[in-house]
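Beneath this line is the structure, given in structure tokens, with notes to follow.
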Amino acid sequence: QVQLVESGGGLVQAGGSLRLSCAASGPFSGYTVGWFRQAPGKERDFVTAISWSGGNTYYADSVKGRFAVSRENAKNTVTLQMNSLKPEDTAVYYCAARQTQVLPTTANEYNYWGRGTQVTVSS
């Protein structure tokens, strides 16, 4: 059983940066990790995913060039660096995991979820 805990959310002005972390406990070998976000009244949207090795990543068009995902398997941690933040990036951010070699982009493809961390970008 994998457990995920997000941290690093907060309030930031437009143009600023935040770094989110996803800490995993339990057997984590071979897991792809995805980040999703959900704004009030909206569906949970894909943000990015990273393979177990860290060698493969995929980003939603809305964050490409601004966000960067990385992982440190020795510490069971995945990091999402968010730069040039915009008010439309405001949402609860979730990390999710699935033991797979591919990079799923839909929420129902992931087995394990964290509880989320709030990111608010003011204009």
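Here Y93 passes the criteria (1) among the hydroxyl-bearing types (S, T, Y); (2) within 17 Å of Q3 (Cα to Cα); (3) open to solvent by 50 Å² or more (accessible area, probe 1.4 Å); (4) not in a loop (DSSP other than H, G, I, E, B) except the one numbered (3).
A single entry from S17, S25 fulfils the requirement of being exposed (fewer than 13 other Cβ atoms within 10 Å of the Cβ), under 18 Å from R115 (Cβ atoms) and touching a residue at least 40 places away in the same chain (Cβ under 8 Å): S25. The residues in the stretch 96-105 that are β-branched (V, I, T) and open to solvent by 30 Å² or more (accessible area, probe 1.4 Å) can be counted, and the count is 2. Residues of the stretch 80-90 that are under 15 Å from the mean Cα position of the chain (by Cα) and either closer than 15 Å to C22 by Cβ or part of a helix (DSSP H, G or I) (or both): L80, Q81, M82, D89.
Table: residues versus (1) on the phi > 0 side of the Ramachandran plot; (2) loosely packed, with under 14 Cβ neighbours inside 10 Å; (3) touching a helix residue (DSSP H, G or I) at 6+ places or on another chain (Cβ under 7 Å).
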| residue | (1), (2), (3) |
| --- | --- |
| S29 | no, yes, no |
| T32 | no, no, no |
| D45 | no, no, no |
| S51 | no, no, no |
| V63 | no, no, no |
| N76 | yes, no, no |
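One line per residue, one yes/no per condition, for (1) of a type in the set (V, I, T); (2) open to solvent by 20 Å² or more (accessible area, probe 1.4 Å):
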site	(1), (2)
T79	yes, yes
E88	no, yes
N111	no, yes
R115	no, yes
V121	yes, no
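The values are calculated or read from the model by the stated rules, or taken from the named source; none is laboratory data. What you see is a predicted model; the values in this text were computed from it and never measured. Positions of Cβ are generated from backbone atoms using ideal geometry, with glycine treated the same way; all protein chains shown enter the neighbour counts. Just so you know, the surface numbers come from the protein's heavy atoms only, side chains and all, with ligands and any DNA or RNA stripped out. Shrake-Rupley method; radii C 1.70, N 1.55, O 1.52, S 1.80 Å.
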